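Peer 1: This structure is in structure tokens; I'll ask about it shortly.
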Amino acid sequence: MYPFNKLERGATSVQIRQTPAFASQRPGTSISMECVCTEATVSSPFYWYRWHPGGQPQNLFYSYAETITPNTEVDGFTARKSGNTHFYLESSSLGVNHTAVYYCAWSLHTDKER
């Protein structure tokens, strides 16, 4: 994945940074992936997706305000938020089945505004 995604918001450019941009981990090791959008507010939704090549993207976690859905482990992953601008995807023990493309997304609008 590319570490920066740019969105145009009127005359303002919004940048989303995802780190690490690439990771190759051994089974049993841990990982923490970070998604940062400095323009995010308390009402800006974040998402973490997983995509296995040949399949459909799967939404793992959704965050709105202080709520993360689901608020439980999903296939060995958990999500957490730090303030309004940072959303993390973490696993304490990766498995071979975790080989995939992971990416975060951020929305300019809340679900209520759509």
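The values are calculated or read from the model by the stated rules, or taken from the named source; none is laboratory data. Remember, predicted model here, so these are calculated numbers, not experimental data. Note that each Cβ is placed from the backbone with ideal geometry, even for glycine, and that neighbours are counted across all protein chains shown.
Peer 1: Search segment 51-62 for residues that are closer than 18 Å to Ser91 by Cβ and pair each with any residue that is outside any strand (DSSP E or B) and of a type in the set (A, V, I, L, M) when their beta-carbon atoms are under 7 Å apart and the residues are at least 6 apart or on different chains.
Peer 2: Trp51/Ala100; His52/Ala100
Peer 1: Sticking with this structure for a sec: If I ask for residues that are free of Cβ contacts under 8 Å to residues at least 60 places away in the same chain and within 19 Å of Ala21 (Cα to Cα), which ones from segment 82-96 would you list?
Peer 2: Answer for segment 82-96, where residues must be free of Cβ contacts under 8 Å to residues at least 60 places away in the same chain and within 19 Å of Ala21 (Cα to Cα): Thr85, His86, Phe87, Tyr88, Leu89.
Peer 1: Just the residues that are farther than 14 Å from Trp106 by Cα and buried (at least 17 other Cβ atoms within 10 Å of the Cβ), please, taken from segment 61-77.
Peer 2: Of everything in segment 61-77, just one residue is farther than 14 Å from Trp106 by Cα and buried (at least 17 other Cβ atoms within 10 Å of the Cβ), namely Phe77.
Peer 1: For segment 58-111, list the strands (runs of 3 or more DSSP E) that sit wholly inside it and hold at least 2 residues that are within 11 Å of the chain's Cα centre (by Cα) and of a type outside the set (Gly, Ala, Ser); which are they?
Peer 2: 58-64, 78-82, 86-91, 101-106
Peer 1: Can you tell me how many residues in segment 1-48 are modelled with pLDDT of 80 or more, of a type in the set (S, T, N, Q) and outside any loop (DSSP other than H, G, I, E, B)?
Peer 2: Number satisfying all stated conditions: 4.
Peer 1: Turning to a different aspect of this structure: Lys112 versus (1) at pLDDT below 95; (2) in contact with a strand residue (DSSP E or B) (Cβ under 7 Å, 6 or more places away or on another chain); (3) among the charged types (D, E, K, R): which is the lone unmet condition?
Peer 2: (2)
Peer 1: Taking Ala79 as the residue in question, decide whether it is of a type in the set (Gly, Ala, Ser) and at pLDDT 95 or above.
Peer 2: yes
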